[in-house]
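To keep things clear, I will list the structure first and then write my remarks on it.
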Amino acid sequence: MNFDLVIRNGTVATASDVFKADVGVRGGRIAALGDGLAAGREEIDAAGLLVLPGGVDGHVHFDQPTGDESVMADDFLTGTRSAAFGGTTTVLPFACQEKGKTLRAAVDDYHRRAAGKPLIDYAFHLIVTDPTEQVLGQELPALIREGYTSFKIYMTYDALKLNDRQILEVLDIARSEGAMVMMHAENADCIAWLTEKLERAGQTAPYFHGVSRPRVAEREATHRAISLAELVDVPILIVHVSGADAVEQIRWAQGRGLRIYAETCPQYLFLTADDLGGDGFEGAKCVCSPPPRDAANQKVIWDGLTGGAFQIFSSDHAPFRFDGPSGKKVHGEQAPFRCVPNGIPGVETRLPLLFSEGVMKGRMELTRFVELTAANPARMYGLHPRKGTIAVGADADIALWDPSRKVTITNGILHHNVDYTPYEGIEVTGWPVVTLSRGDVICRDGALLAEPGRGEFLPCGLPAPARPKGSPAPVLPF
Ligand code: DUC
Ligand code: ZN
Ligand code: ZN
């Protein structure tokens, strides 16, 4: 039995095990794991390397319309290129409904934006901003059944936010259809009130973006999201959790047996509010929401990652160039923080940062790293076991890591289309040296070997973690 490819002599890690094995690939899938596999048409010697499932980044924004003249710096080509070089082989960006338009229009538009570009496989989350009767009664259920099985809702931003009643209606559909709901939990009125007060006081520099979105605004919304989900009896996932207070709410809910899941991101481990300061407009580079906090909060986020409060570690890659007319400076360098596009790049640095500071510094096991960055996002969004693991039958989406390679992160070595990285100058140990997608070597030692458009759209299954407590057990296939 011959293979298209055999990866020999490496150390394989999944979310549960670390073991020595060769990996045989046929037809884009993993066909065998074992010792002394038969020859492959192609062979890779992975001696000294880790053989990890390609990362699944469950939260990225590529080419997403912004509502003003700003333009995201990465499209489906540059965004997936950057992901691939960072060891990620599946991404889930967002198709965002425009208020007054249909969800279907957003999905169609987003497929057009992706067409011919992705280098790796991708699925879409929806963003529901206008839950009309038609959306709730027909469109959303139909789209869920077509494979758009997760969607985000916002508790802040005028153009996006839902009120509590609307949130309940949407959660109810998620419950009956089995979809996963992602919640952006910040209290809109607290933020609006503080923003106006700061503006009246002339405190409009990027630093005050953080002041306008305090931890208590995140805490209140997190608690409210949990309460609404409990009322409806549906699991939810709180995205991009930044502060200790929100973590406390999440732990409280989990301790009560509620299915509340949580995601955090590199910015809440590696940046602080000080990064929003600095000279002039420089802090705009780190304007994202929720904002980075301080060292004490970073520690709580680390504890949540290692201790189990968080299930997912995503990048929330939301790329805007610093210079030029359509990025952070779209409204000029003197623009008040409320006009600065929200978001920072990070799809390529997500895995190396967590690997280095988490695994290499002994904070977490390699299995936990794989769980947080690949297996759990795949499970949470209905892509497991096709994605997120190394197992017979899974797609051969694999990143070969050199665990001892030391790299200083600078924007020059990254492959996104952004003109800065918030992580400039951080030295990491461990780096992905080869990335495979469905058995194709797409990146090797800094060279891109893939053609645009080779990435496939993935309709998602109904995620098991989205099942309400006490719902009937699934029918097993044996
Ligand atoms: N929320 C996100 O998920 N990404 C970027 C900005 C935001 O508010
Ligand atoms: Zn958000
Ligand atoms: Zn986001």
(Q) Which of the numbered conditions does residue 207 fail, given that it passes all the others? Conditions: (1) within 16 Å of ligand 1 (Cβ to nearest atom); (2) touching a Gly at 6+ places or on another chain (Cβ under 6 Å); (3) at pLDDT 95 or above. (A) (1)
Q. Any residue in region 204-213 that is under 20 Å from residue 92 (Cβ atoms) and of a type outside the set (A, V, I, L, M, F, W, C)?
A. no
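Would you call residue 144 part of a helix (DSSP H, G or I), open to solvent by less than 10 Å² (accessible area, probe 1.4 Å), within 16 Å of ligand 2 (Cβ to nearest atom) and in contact with a helix residue (DSSP H, G or I) (Cβ under 9 Å, 6 or more places away or on another chain)?
Values: part of a helix (DSSP H, G or I): yes; open to solvent by less than 10 Å² (accessible area, probe 1.4 Å): yes; within 16 Å of ligand 2 (Cβ to nearest atom): no; in contact with a helix residue (DSSP H, G or I) (Cβ under 9 Å, 6 or more places away or on another chain): yes.
Considered against the rule, which asks whether it is part of a helix (DSSP H, G or I), open to solvent by less than 10 Å² (accessible area, probe 1.4 Å), within 16 Å of ligand 2 (Cβ to nearest atom) and in contact with a helix residue (DSSP H, G or I) (Cβ under 9 Å, 6 or more places away or on another chain), residue 144 comes out as no.
Taking into account only those residues within region 35-63 that are within 16 Å of ligand 3 (Cβ to nearest atom) and under 15 Å from residue 123 (Cβ atoms), which is surrounded by the fewest Cβ atoms within 10 Å (Cβ to Cβ)?
Restricting to residues being within 16 Å of ligand 3 (Cβ to nearest atom) and under 15 Å from residue 123 (Cβ atoms), the top hit is 61.
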Q. Considering region 154-167 alone, what residues qualify as being modelled with pLDDT of 95 or more and of a type in the set (Asp, Glu)?
A. 164
Q. In the list 313, 322, 355, 369, which residue meets the criterion of being over 29 Å from residue 148 (Cα atoms) and open to solvent by less than 10 Å² (accessible area, probe 1.4 Å)?
A. 355
Q) Which pairs have Cβ atoms under 9 Å, sit 6 or more apart or on different chains, and link a residue in region 15-28 that is assigned to a strand (DSSP E or B) to one that is among the charged types (D, E, K, R) and surrounded by fewer than 17 Cβ atoms within 10 Å (Cβ to Cβ)? A) 18/365; 20/35; 22/35; 25/42
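Taking the criterion of being outside any strand (DSSP E or B), in contact with a helix residue (DSSP H, G or I) (Cβ under 8 Å, 6 or more places away or on another chain) and closer than 22 Å to residue 28 by Cβ, would at least one residue in region 102-110 satisfy it? Walk me through it before giving the result.
So the first thing to find is which residues in region 102-110 are outside any strand (DSSP E or B), and the list is 102-110.
Remaining after also requiring in contact with a helix residue (DSSP H, G or I) (Cβ under 8 Å, 6 or more places away or on another chain): 102-104, 107.
Still in the list and also closer than 22 Å to residue 28 by Cβ: none.
No; the residues of region 102-110 include none that is outside any strand (DSSP E or B), in contact with a helix residue (DSSP H, G or I) (Cβ under 8 Å, 6 or more places away or on another chain) and closer than 22 Å to residue 28 by Cβ.
Residue-wise test of (1) open to solvent by 20 Å² or more (accessible area, probe 1.4 Å); (2) more than 16 Å from ligand 2 (Cβ to nearest atom); (3) among the charged types (D, E, K, R); (4) modelled with pLDDT under 95.
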residue	(1), (2), (3), (4)
169	yes, yes, yes, no
175	yes, yes, yes, no
192	yes, yes, no, no
217	no, no, no, no
Q: For residues that are touching a Lys or Arg at 6+ places or on another chain (Cβ under 8 Å) and crowded, with 21+ Cβ neighbours inside 10 Å, tally how many sit in region 247-264.
A: 1
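The values are calculated or read from the model by the stated rules, or taken from the named source; none is laboratory data. Not measured: the values here are computed from a predicted model. We place every Cβ from the backbone using ideal geometry, glycine too, and count neighbours over all the protein chains shown. The accessibility values were calculated without ligands, DNA or RNA, using every heavy atom of the protein model including side chains. Shrake-Rupley method; radii C 1.70, N 1.55, O 1.52, S 1.80 Å.
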